[in-house]
Structure formats: C-alpha cells, structure tokens
Amino acid sequence: MSFIRYIRWEEFPILEEERERERSCFSPPGTTWNHAPALFPRRFHHAGKSSPATAPPSPSLDAVRRLVDSTTSKNPAAVSSFPASEHPIQALRRGNWVKLICGASFEDAADVRNLSLLYALAGVDCIDCAADSSVVNAVVEGVEMAMSIAPVRDQFDPEDCPPDCSRPCERVCPANAISLERLSVKEESPDGLIPRGVLQGGVITERCYGCGRCFPVCPYDKIRAMTYIRDVAATSELLKRDDVDAVEIHTSGRHPDLFRELWNSLGDSLNHMKLIAISLPNSGESTVSAMDNLYLIIKENLRCHNLWQLDGRPMSGDIGRGATKETIDFAVHLAAAQDRPPGFLQLAGGTNAHTVDCLKKVGLFQTWSIPDQTKDGASCSTAMPGAPPALIGGVAFGGYARKIVGRVLSELKSGQIEDHPEQLLVGLREALNLVGPMKCGRPTI
C-alpha cells in the first residue's frame, strides 16, 4: 500500500458568502498563502521503510483483513505489476484514481488519522490534507497503521446567540464543527439573582473546512468569516518531506500573475513532487484559455505529472444526488475540448456515490482497457499496454466520504479506530462501497 502525500494551497477566506470568492486561490497582495498537503496511498505496495505501527491482534481485525483481501481478488487491477512509485499515476491512466479530501482547513488530527486509515484500507490513491505538520503526521500514522493491518474553518461568539435560538447552524454543519450547549446561570437584578439561559461553545475551528452553509441559516446574522492563511515558506519545507508526494493549488484562473507569484515562491521544493495538481472552477468557454495560461507558467519547471482538478460544486457532495451534476457537466465540457493543455483530469466538488453512475451515463467512465470479468459477472479493467490515458483520470471525494464514516468515528470511545475492530469493519465497508465502483465499476461489497 502506498499513497501520494499531497499539499493543497487555497488563498480564499474560509467562510464566504459567494461561491465566486469561495474557491478563489490567491490572497490580496501583502497576505500569506493558505496551503494543504496530501498522500498517495497505494494498496499492496509500500514504497520506502517498513512501518513502525503494529495492528493489535484481534479476531475482528482478521475479518478486516479478509475483507481487504476479498476486494483484491475482485479487483485484479489493484495488484499492480508497476513499481510502487508509479502505481497512482497508472490509476490516473486507467481512469480509476480515487482521492480522499480531508480538507485544507480540517485539522482534527484524530479524525484525519482514522479517516486516512479507513480509506487507505479501502484503496484510495491519494489523501489530501491540511498543510500542517501535525496533520501530515496524522495522515502518515493512519496510513502506516492501515499497512500494518493489511499490506495494502467559521467563527462566532455563542454568548451573542439568543438563549431560545433553534440553532440551525448546528444542524446544517456537515463537519459537526458547531457545538452549542445551553447553560443556566444566575444574573444580578434589582430583585436579586435570577436564572438566565446562555449558550456556550461555538465553532470547533480545527473541524471547520469552510463550506459556509451556516451563514444563510443563522436567523440573527451572528456568524462571520475568518481568514485562513498559510505561510508559503513553511509549506515549502513541508514539500521537502519524504512523506509528501504532491501539491495542489486552488485558483480561480483569472489572476495568472498571482499564480505565478505563488509558483515561483515554491522554488526548488517542487522538484520533490511526483504530481502537481491545479484545482479550478468551471468558467465556461474561458476555462481552457485559463488552463493554457496556467500551464505556460508551470511547464518550464514541471518535472513530474500534472493534474487538473475540475471543481464543480465545492464542498457539496454530502447534500445529495443533484450535487454531482455540476462536476459532471464540467467533465463533459473539458473532455470535449481538443485544445486543452496536457494533464490528467480529475473530478471534485459535489462528488458522491452517484458520480460514477453519472459518468457512465455521459460515456466518460472509460479506462482505455481490456475488459475483464469477475466471478459474479461484473466487469473490471486491466490497463492496456501503450493505451492513451482515460479521458477522466479519477474522482476526489471529500464531504461525502467523511459523512458516510462519520457516525462510526463519532462513536469511538478512544482516538484510535483499530482499538475498536468491530467499528473499523463497519467503517471500512462504508468506505469500500464508495471506492469500489471506481476501482471495479461496481460496489465492492
């Protein structure tokens, strides 16, 4: 198992009222940058030193191992003959690449660790996380534990909230990043001490990833944006770590000069990368032109593969089936563009369990491969030597991936999921049901 460790940059304020600003990639002049790292997990390969983590012996962990082994036998393409360092790129060529998005500002290290463990076992090719050394360490720890099991941000002051508020922000938050508790206190008055209800708590900043859904539902307009930035020099040092393989830059595509400033500031740290990803929104007919401008900036110093992340409807995959429509429309547009610059295409923004079916309906779930058959008749694919890359290299799952295993993680009595093998098995089944259709064209279990 191996992963591409991946760092993402975003220069937008975490919570913003308009989508136009939600995914803008560059801060105003004079500010620093917001960044994030990631890992390429590759199942059944381990590139580098052996893992120090050791899974505790348990009959339930044996069940986890059997489940992982069974998915391998159903998906022969997962057991690749390619060198470990090349396997994720081959997944992009086949069109069955899967990335887990932990979030550029999601810094709950315990949850990041457990999410990484679950989705590493499920077979994702890449784990995208915040550009913070403690979060990167959490991803690495989760991946190493997975390999040992089977070698394979918002802000407001809650005291400003009226005591009788129905707390819609708490209910609408997909990351469980808002927690409000009603307390009873006594307050002095001319008649003596009288009881008064107050709310305590607020935004759990390390869990907030800036979707902005709480803004419109607050009946008292008490929630405000908080700018979230990263220092580019610190991120450059993170890129030089042996356990970081890739970097992602989010940009609107409309400000190439700011993009060039960021790109040049990364300097020699980019030479350590195996993949450079650029995430951008659908700007209609001007999208390819924007991509051309960005590619002209990076190509001179590009020493590795590059990827374009098609960010359809950001941070919305957990909403429902309709959320994936925008990224599918984006994919249709870019796949048909004959003059687009080089690079793999990967979907994001609104991706969920319906994305693969939608790709199939528009004829874009193509891997340029020789069909194979599993024993139950479901088709799987094996890369054809010399075949061109798939039109769509893969899919990144963020909010939806976190949501489907969130119940299991929230029920943990301690921070490490492998200490609770039964819950690990439940969470792994959920993760496999999401990753399986990409890896084998159908649910794995």
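The values are calculated or read from the model by the stated rules, or taken from the named source; none is laboratory data. For clarity, every value in this text was computed on a predicted model and none was experimentally measured. Here Cβ is always computed from backbone atoms with ideal geometry, including for glycine, and neighbour counts include all displayed protein chains. Ligands, DNA and RNA are excluded from the accessible area calculation, which covers all protein heavy atoms including side chains. Shrake-Rupley method; radii C 1.70, N 1.55, O 1.52, S 1.80 Å.
See the values below:
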quantity: Mean projected area in nm² (Cα convex hull; one quarter of hull surface) for the stretch 392-437; calculated: 3.7
quantity: Among Ser105, Pro158, Ala146 - extreme Cα towards positive end, dipole of the stretch 105-165, charges at beta-carbon; calculated: Ala146
quantity: Most positive-pole-ward Cα, Leu180, Leu121, Pro168, against dipole of the stretch 111-180 from beta carbon charges; calculated: Leu121
quantity: Built amide H within the under 5 Å cut-off of Leu275, gap 5+; calculated: Val247
quantity: Cα convex hull of the stretch 233-320, projected area averaged across orientations, nm²; calculated: 6.7
quantity: Total charge dipole magnitude, the stretch 95-141, about the Cα centre, Cβ charges on Lys, Arg, Asp, Glu only, Debye to nearest 20; calculated: 160
quantity: By accessible area with a 1.4 Å probe, ligands and nucleic acids excluded, highest first: order of Glu237, Glu326, Glu248, Glu300; calculated: Glu300, Glu237, Glu326, Glu248
quantity: For peptides 337-343, 347-353, sequence by mean Cβ density within 10 Å, most packed first; calculated: 347-353, 337-343
quantity: Rounded accessible area per residue of the stretch 238-361, 1.4 Å, Å²; calculated: 40
quantity: The stretch 258-269 - phi-based ³J(HN,Hα) in whole Hz, Karplus 6.51/-1.76/1.60, Gly and Pro as x; calculated: 5, 4, 4, 4, 5, 4, 5, 5, 6, x, 5, 4
quantity: Where Leu100, Leu302, Leu296 fall by accessible area, highest first, once all protein chains stay in place (1.4 Å); calculated: Leu296, Leu302, Leu100
quantity: Packing-based ranking, highest mean first, of 424-436, 277-289 given that Cβ atoms within 10 Å are counted; calculated: 424-436, 277-289
quantity: Net charge, Glu430 excluded, C-beta distance under 14 Å - Lys, Arg +1, Asp, Glu -1; calculated: +1
quantity: Farthest positive-ward along the stretch 236-368 dipole, Cα basis, beta-carbon charges - from Leu359, Ile276, Val288; calculated: Leu359
quantity: Charge dipole magnitude, Cβ of K and R +1, D and E -1 - the stretch 262-366, Cα centre, debye nearest 20; calculated: 280
quantity: Too-long pairs where the Cα-Cα distance tops 22 Å, listed order kept, from Lys274/Lys403; Lys299/Lys325; Lys360/Lys439; Lys99/Lys403; Lys325/Lys361; calculated: Lys274/Lys403; Lys299/Lys325
